[in-house]
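Engineer: One structure is given below, represented as C-alpha cells, and several questions about it will come after.
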Amino acid sequence: MTKVVNIGIAGAGRIGQRHAKNLLTQIPNAHLVAVADVEKKRAQELAERCGKIRWYEDYEKMLEQKDIEAVLISASTNVHREIIIGAAKKGKHIFCEKPITLTLEETNEALAVVEKARVLMQVGFMRRFDPALASAKKEIDKGSIGKPLVFKAVSRDPEGPPFEYARASGGLFVDSSIHDIDLARWFMGSEVEKVYAEGRVLIYPEYKEFGDVDVALITFTFKNGSLGNIENSRRSGYGYDTRVEIVGSEGTLQVGYLRNRRFLLVNKSGVSHDVVPSWVERFAGAFVHELQHFVDCVMDNKTPLVTGIDGKKALEIALAATTSCQKGISITL
C-alpha cells in the first residue's frame, strides 16, 4: 500500500477550507485526519464536510493527536508563531500560510524551534507553483532572456478584504505585496539591497484608522545591480489582475492574463471579454501543486522549494517597504 501523510489543518477559514478540499480530492498521498479552529461551529462544519474527521477548538489539543505527521497552518497570522512552535516541538512537519508571523522577532523565534526539531517547513507562496510562472523561471534559468535586469509586477484585487481582516493583516505590503516580493527574489536570483515605497489611501477611507494604504508602489535595488518595481491595489473595480514581466539583456518574459473564459464579444459597441474574478480561480492549480509538493517532500524527506528562510526574507522586505512608506525614506537591508 502506498504510504500517505496524515495531516491536520489549523484554521478552518476560507483558505483552510480550500486546502481541505484539495487534500481530499487532489492529493492522493495525503490523508486529512483533523481540523482545529477557535470558532467551534466552523471547525465542526468543515470536519463534517471532510467525512466526519476529528475537530478541535484548541490548536494545542490537535497537536496532541499522535497520528498527525504534518500540520497545515491557515489560521490568523497572529497565532502562527505559537502553532509553528507547538507543531515543531511535537515533531510534526509544517506548511504555513504567508506571512510566517507579523514581526521578524517572532519569525526568528519560530524558525529556531523548527531548525532544532529538524522538521520540514514550507511557506505558502503558491505563485511559485503556478504553471506559467514556473515555466518562466525555467526559461530564465536556461538563459532564454539573457541576464535578468528588471522585475515588474502588478497585483490588483477585485475588491478590498473585509475591514476586520485588513485591520489585522499586517498591512498591504505584508499581506498582499509579499507574494510579488517572493517572486522578485526568486526570478532575479538575488537578494534585495534597498527598498523605497509610496502608498496612499485612495479607495477605502477607513484604512486610515489603522495606518494602512490601499494603493502602493515599491521600488527595489537588488544586490546584483538589477532593479524591481511592484504595483499593488486593494481594488481594481474590474476583476483580479496579476501580471509579471522580467526584462533581460536578450529578451523579456511576460506572464499574466485577464480573460477568464475563452470568448471575445465583438459588436457595434466594441470588443469585450470577461475578467478573472479572483485569486481563487487564477491560482486554483497552484494551490494544488504547492500541497502536492509539500506532501512529496515530507514523504521523501526533501527540502521544499519555499522554505522558512524564504518566508523570513520576504517578510523582511515587506516590513522595510512598510517603514519606507510610513517615513518617506529608502531602507537599506
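Laboratory data are not the source of any read-out in this text; all were calculated from the coordinates shown. Everything numeric here is computed off the predicted structure, so don't read it as measured data. When we count neighbours, we look across all protein chains shown, and the Cβ atoms used for this are built from the backbone with ideal geometry, even at glycine.
Engineer: Whose amide H sits under 5 Å from the amide H of residue 214, counting only residues 5 or more places off or on another chain, with H placed in the peptide plane?
Structural biologist: Correct list: 200, 201, 202, 203.
Engineer: Full-extension gain between residue 333 and residue 296, please, as 0.36 nm times their residue separation minus the C-alpha to C-alpha distance.
Structural biologist: On the way: separation 37, 0.36 × 37 = 13.32 nm, distance 3.42 nm.
Contour length minus Cα-Cα distance gives 9.9 nm.
Engineer: Also, quick follow-up: Would you mind telling me the antiparallel percentage of the DSSP bridges in the chain, rounded to 5? Walk me through the numbers on the way to the answer.
Structural biologist: On the way: 32 of 59 bridges.
Percentage antiparallel, nearest 5: 55.
Engineer: Calculate how many DSSP beta bridges within segment 5-119 are antiparallel, expressed in % of all such bridges and rounded to the nearest 5.
Structural biologist: Here the share of antiparallel DSSP bridges comes out near 0 percent.
Engineer: Continuing with the same structure: Can you tell me the Rg and the Dmax, both Å, for the Cα atoms in segment 230-293?
Structural biologist: Rg, Dmax (Cα atoms, Å): 15.1, 48.
Engineer: Please give the FRET efficiency for residue 159 paired with residue 76, using the beta carbon to beta carbon distance and R0 = 22 Å, rounded to the nearest 0.05.
Structural biologist: 0.60
Engineer: In this model, which of 3/66; 52/89; 21/137; 21/312 are farther than 24 Å apart at the alpha-carbon?
Structural biologist: Exceeds cut-off: 52/89; 21/137; 21/312.
Engineer: Rounded to the nearest 0.05, what FRET efficiency do residue 66 and residue 250 give with R0 = 45 Å and r taken as the Cβ-Cβ distance? Could you check?
Structural biologist: Computed FRET efficiency for residue 66 and residue 250 comes out at 0.25.
Engineer: Related question: Using the C-alpha gyration tensor of the chain, what are the square roots of 5 times its eigenvalues, in whole angstrom, with the largest one first?
Structural biologist: Working: eigenvalues 203, 108, 96 Å².
Ellipsoid semi-axes (Å, largest first): 32, 23, 22.
Engineer: Another question, then. Per DSSP helix of 4 or more residues, -39500 (n - 2.57); summed, then divided by the residues of the chain. What does that give at 222 nm, rounded to the nearest 500?
Structural biologist: Taken over the chain, the calculation gives -11000 deg cm²/dmol.
Engineer: Could I ask something else about it? Once the piece of chain linking residue 193 and residue 18 is laid out straight, how much longer is it, given 0.36 nm per residue of separation minus the C-alpha distance between them?
Structural biologist: Numbers: separation 175, 0.36 × 175 = 63.00 nm, distance 3.57 nm.
Between residue 193 and residue 18, full extension yields 59.4 nm more.
Engineer: Something else about it: Calculate the dipole size of segment 5-119 relative to its Cα centre from +1 charges on Lys and Arg beta carbons and -1 charges on Asp and Glu beta carbons; express the result in debye to the nearest 20.
Structural biologist: So the dipole magnitude of segment 5-119 works out to roughly 380 debye.
Engineer: Need the list of aspartates and glutamates near residue 41 for cross-linking: C-alpha distance under 19 angstrom, and skip anything on the same chain fewer than eight residues off.
Structural biologist: Once the sequence-local aspartates and glutamates are set aside, what remains near residue 41 is 57, 58, 60.
Engineer: Amide H neighbours of residue 248 under 5 Å, counting only residues 5+ apart in sequence or on other chains, H built in-plane at 1.01 Å?
Structural biologist: Residues meeting the amide H criterion: 149, 253.
Engineer: Along segment 309-315, what does the Karplus equation 6.51 cos²θ - 1.76 cosθ + 1.60 (θ = phi - 60°) give for ³J(HN,Hα), rounded to whole Hz, x for Gly and Pro?
Structural biologist: Per residue, the Karplus-derived 3J(HN,Hα) values read 5, 4, x, 5, 4, 5, 5 Hz.
Engineer: Non-local amide H neighbours of residue 55 (under 5 Å, H modeled in plane, Pro and chain starts lacking H): which ones?
Structural biologist: For residue 55, the qualifying residues are 35.
Engineer: Could you give the length gained on full extension between residue 231 and residue 200, defined as 0.36 nm per residue of separation minus the Cα-Cα distance, in nm?
Structural biologist: Numbers: separation 31, 0.36 × 31 = 11.16 nm, distance 1.20 nm.
10.0 nm is the gain from fully extending residue 231 to residue 200.
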